[in-house]
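J.: Sending over a structure as C-alpha cells; questions will come in a sec.
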Amino acid sequence: MAIMKGRVFEKVGVHVSTVFGEFAPEFRKEIPGASDDPRFWASGISLIAHLQNPHVPAVHMNTRHVVTTKAWFGGGADLTPVLDRRRTQDDSDTGFFHAAMKGACDAHAAVAPYQKFKTWCDEYFYLKHRKEMRGIGGIFYDWLDSGDWDADFAFTQDLGRAFLKIYPDLVRRNFATPWSAAEREEQLVRRGRYVEFNLLYDRGTVFGLRTGGNVDSILSSMPPVVKWP
C-alpha cells in the first residue's frame, strides 16, 4: 500500500495485493467454485484518488485475478466528478474517460463487450438508498473467463494502460482551475456519497474484510475529509 498526499492529490491510495486462504463457510456460496473447495488465491491492483481541487474528478480503478476451483478476472474503472454541473454525460472529462474505456474494450472485443461492461458499471455503482449513481460511470466486469486466459489477461492489462493514459490527462486539464469555498463544500458533501457506497455496497470492501485483509488498506479508499450536512 502507498498513500500519497500533496498539493494536487489530497489523498491517493495505490495497492498491490496477493492473498490466499479459505473462505468462511457463510461466504463460500457467494464465490464461484468455493462451495466445492473453500481455498482461494487472489491478486489485484487498486487505485483510489481524491483531489484537492473540486474541478478534478475523483477516480477508482482496480483489476484482479481470483482462483478457487475456478479462475477469473475482474475489475474496471469509474469516474466521480464532485461538482453537480460536471456530473453529466456531456461534460468533456466524461467523454474522454468513456472513450478511453471503450478503446480498451474494443481492442479486445471478443472477450470485452464495451456496452455490457458500461451498463454493468452504471448498475453496480448505484446508491439504491439515494436513487442516484455514484459518478458518471466507466466500465465494470467480473467473473471474466472466456476460455482464453491469455486474451482475458491481455484485456485486463490494457484496461490498466488505458487508465494510466487518460486519468493524468484529466488531472492536468483541471488541477489549476480556481475554486471557491462553495465548491469545496459541494465536494465534501459529494464525498459522503462515496463513503456510503463503499461501506454499504462495494464488493471489494466486503471481500477484504471477510478474508482477513489489512483493514487500513481496505478502508484507504475513504476520502480524508467529508461532510454530511
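J.: As an exercise: evaluate I3 against (1) part of a strand (DSSP E or B); (2) within 21 Å of R134 (Cβ to Cβ); (3) among the aliphatic types (A, V, I, L, M) and give the number of the one condition it does not meet.
T.: Tallying (1) part of a strand (DSSP E or B); (2) within 21 Å of R134 (Cβ to Cβ); (3) among the aliphatic types (A, V, I, L, M), I3 fails exactly one: (2).
J.: Considering only residues of segment 109-153 that are open to solvent by 10 Å² or more (accessible area, probe 1.4 Å), touching a residue at least 24 places away in the same chain (Cβ under 8 Å) and acidic (D, E), which is nearest to R87 (Cα to Cα)?
T.: Result: E132.
J.: From the list R86, R64, which residue is surrounded by fewer than 21 Cβ atoms within 10 Å (Cβ to Cβ), within 15 Å of the chain's Cα centre (by Cα), at negative phi and charged (D, E, K, R)? Break it down stepwise before answering.
T.: Working: R86 fails: within 15 Å of the chain's Cα centre (by Cα).
Answer to the check: R64.
J.: Among the candidates S17, S35, S46, single out the residue that is on the phi < 0 side of the Ramachandran plot, in a loop (DSSP other than H, G, I, E, B) and modelled with pLDDT under 95. Walk me through how you get there before you give the answer.
T.: On the way: S17 fails: in a loop (DSSP other than H, G, I, E, B); S46 fails: in a loop (DSSP other than H, G, I, E, B).
Exactly one of S17, S35, S46 is on the phi < 0 side of the Ramachandran plot, in a loop (DSSP other than H, G, I, E, B) and modelled with pLDDT under 95, namely S35.
J.: Based on what the data block shows, is W179 touching a residue at least 24 places away in the same chain (Cβ under 8 Å), exposed (fewer than 14 other Cβ atoms within 10 Å of the Cβ) and among the hydrophobic types (A, V, I, L, M, F, W, C)? Lay out the reasoning, then the answer.
T.: Working: touching a residue at least 24 places away in the same chain (Cβ under 8 Å): yes; exposed (fewer than 14 other Cβ atoms within 10 Å of the Cβ): no; among the hydrophobic types (A, V, I, L, M, F, W, C): yes.
Spelling it out, it is not the case that W179 is touching a residue at least 24 places away in the same chain (Cβ under 8 Å), exposed (fewer than 14 other Cβ atoms within 10 Å of the Cβ) and among the hydrophobic types (A, V, I, L, M, F, W, C).
J.: Now, a different point. Does segment 106-128 contain at least one residue that is closer than 23 Å to L219 by Cβ, outside any helix (DSSP H, G or I) and among the small types (G, A, S)? Steps first, answer last, please.
T.: Let us first name the residues in segment 106-128 that are closer than 23 Å to L219 by Cβ, namely 121, 124-128.
Next cut, outside any helix (DSSP H, G or I) only: 125-128.
Checking the rest, the ones that are also among the small types (G, A, S) come to none.
Within segment 106-128 (the criterion being closer than 23 Å to L219 by Cβ, outside any helix (DSSP H, G or I) and among the small types (G, A, S)), the answer is no, since none of the residues qualifies.
J.: So, in segment 5-45, of the ones that are of a type in the set (D, E) and touching a residue at least 24 places away in the same chain (Cβ under 8 Å), which residue ends up surrounded by the fewest Cβ atoms within 10 Å (Cβ to Cβ)? First the steps, then the outcome.
T.: The first filter runs over segment 5-45 and keeps only residues of a type in the set (D, E), leaving 10, 22, 26, 30, 36-37.
The next check asks that each one be touching a residue at least 24 places away in the same chain (Cβ under 8 Å); those that pass are 10, 36-37.
Numbers: E10: 20, D36: 10, D37: 13.
Per the stated criteria, the residue is D36.
J.: Of all residues in segment 170-211, count the ones that are farther than 25 Å from E123 by Cβ, of a type outside the set (S, T, N, Q) and in a helix (DSSP H, G or I). Working first, answer last.
T.: If we filter segment 170-211 for residues that are farther than 25 Å from E123 by Cβ, which is where we start, we get 171-188.
Then keep just the ones that are of a type outside the set (S, T, N, Q); that gives 171-173, 175-176, 178-179, 181-186, 188.
Keeping just the survivors that are in a helix (DSSP H, G or I) gives 171-173, 181-186, 188.
So the count comes out to 10.
J.: Select from segment 67-83 the residues that are in contact with a Leu (Cβ under 9 Å, 6 or more places away or on another chain), of a type in the set (A, V, I, L, M, F, W, C) and not in a loop (DSSP other than H, G, I, E, B) and write down the one among them that is surrounded by the most Cβ atoms within 10 Å (Cβ to Cβ). Steps first, please.
T.: Of the residues in segment 67-83, the ones in contact with a Leu (Cβ under 9 Å, 6 or more places away or on another chain) are 72-77, 79, 82.
Now restrict to residues that are of a type in the set (A, V, I, L, M, F, W, C): 72-73, 77, 79, 82.
Among the residues that remain, those that are also not in a loop (DSSP other than H, G, I, E, B) are: 72-73, 77, 79.
On the way: W72: 19, F73: 24, A77: 25, L79: 29.
Here the residue is L79.
J.: Would you point out which residue out of P223, P229 is assigned to a loop (DSSP other than H, G, I, E, B) and open to solvent by less than 20 Å² (accessible area, probe 1.4 Å)?
T.: Numbers: P229 fails: open to solvent by less than 20 Å² (accessible area, probe 1.4 Å).
Criteria check complete, one pass: P223.
J.: Could I ask something else about it? May I ask you to verify whether D142 is of a type in the set (D, E, K, R), over 21 Å from D91 (Cα atoms) and under 15 Å from the mean Cα position of the chain (by Cα)?
T.: On the way: of a type in the set (D, E, K, R): yes; over 21 Å from D91 (Cα atoms): yes; under 15 Å from the mean Cα position of the chain (by Cα): yes.
The answer is yes for D142.
J.: Take K102 and decide whether it is more than 24 Å from R184 (Cα to Cα), open to solvent by 80 Å² or more (accessible area, probe 1.4 Å) and of a type outside the set (F, W, Y).
T.: On the way: more than 24 Å from R184 (Cα to Cα): yes; open to solvent by 80 Å² or more (accessible area, probe 1.4 Å): yes; of a type outside the set (F, W, Y): yes.
So K102 passes the test.
J.: Let me ask something else. Find all pairs meeting these conditions: Cβ atoms under 8 angstrom apart; at least six residues apart or on different chains; first residue within segment 198-219 and on the phi > 0 side of the Ramachandran plot and open to solvent by less than 90 Å² (accessible area, probe 1.4 Å); second residue outside any helix (DSSP H, G or I) and not hydroxyl-bearing (S, T, Y).
T.: Note: pairs meeting the criteria are G212/G21.
The values are calculated or read from the model by the stated rules, or taken from the named source; none is laboratory data. Just so it is clear, the model here is predicted, and its values are computed rather than measured. Every residue, glycine among them, receives a Cβ derived from its backbone with ideal geometry; neighbour counts consider all protein chains shown. Quick note on the areas: whole protein, heavy atoms, side chains included, nothing else; ligands and nucleic acids left out. Shrake-Rupley method; radii C 1.70, N 1.55, O 1.52, S 1.80 Å.
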